[in-house]
Amino acid sequence: MKIVHTDKAPAAIGPYSQGYIVNGVFMTSGQIPVDPATGVIPEGIAAQAEQSCKNIGALLEAAGTSFEKVYKTTCFLADMDDFAAFNEVYAKFFTSKPARSCVAVKTLPKNVLCEIEAIAVVE
């Protein structure tokens, strides 16, 4: 098992790692929309979805893989009314259309509007 860490994604805010590679598979921890350089959380679902996707991208790069190698995501929304706006941003990043679960949850860390985790092949 190999821990993946990058300063280009937010640091873990608890007792966990940003991601792990195990047997050629990379699994990210959930990425919330915190700008890793400033700690700022943007306003609105579109901006938050964009930042969460950028954070996933930074982890994928650190693991030596890419969005094209992602085969499963799990997405968490604070409000399912944001589903369409979230999808519009998500589709720009996850162009290979991986399998996905998307659920509404009561609350997310730091009261953000979305969180994304991903599983990808590492070759």
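The values are calculated or read from the model by the stated rules, or taken from the named source; none is laboratory data. This structure is a prediction, so every number in the text was calculated from the model and none was measured. In this analysis, Cβ positions are derived from the backbone assuming ideal geometry, glycine residues included, and neighbour counts consider all displayed protein chains. These accessible areas exclude ligands, DNA and RNA; they are computed on the full protein's heavy atoms, side chains included. Shrake-Rupley method; radii C 1.70, N 1.55, O 1.52, S 1.80 Å.
Report the antiparallel proportion of the DSSP beta bridges in the chain as a percent, rounded to a multiple of 5.
Values: 18 of 24 bridges.
The antiparallel proportion sits near 75 percent.
Taking amide hydrogens as modeled 1.01 Å from N in the peptide plane, which residues meet the under 5 Å criterion relative to ALA104, leaving out close sequence neighbours?
LEU77
What pairs in LYS69/LYS97; LYS72/LYS110; LYS54/LYS97; LYS2/LYS69; LYS69/LYS92; LYS72/LYS92 have C-alpha atoms more than 20 Å from each other? List each step's numbers first, then the result.
Values: LYS69/LYS97 10 Å; LYS72/LYS110 25 Å; LYS54/LYS97 17 Å; LYS2/LYS69 18 Å; LYS69/LYS92 15 Å; LYS72/LYS92 16 Å.
Pairs exceeding 20 Å: LYS72/LYS110.
When the accessible area of the chain is split by element with a 1.4 Å probe, what percent falls to carbon and sulfur? Intermediate values should be presented prior to the final figure.
Details: 3530 of 6430 Å².
Answer for the chain is 55 percent, counting heavy atoms of protein chains only.
Could you order GLU123, GLU61, GLU50 by accessible surface area, starting with the largest, using a probe radius of 1.4 Å? Don't skip to the end; give the middle numbers.
Values: GLU123 165, GLU61 125, GLU50 50 Å².
Output order, biggest surface exposure first: GLU123, GLU61, GLU50.
Working from Cα positions, state the angle (0 to 90°, nearest 10) between the long axis of helix 83-93 and the longest principal axis of the chain.
Relative to the chain, helix 83-93 is tipped by roughly 30 degrees.
Give the relative contact order (percent, whole number) for the chain; include only Cα pairs under 8 Å separated by 6+ residues. Could the numbers behind the result be given before it?
On the way: 257 pairs, mean separation 40.2, N = 123.
Answer for the chain is 33 percent.
Please name which of LEU113, ASN55, HIS5 has its Cα lying farthest along the dipole of the chain towards the positive end, using unit charges on Cβ (Lys, Arg +1; Asp, Glu -1) and the Cα centre as origin.
So the residue we want is HIS5.
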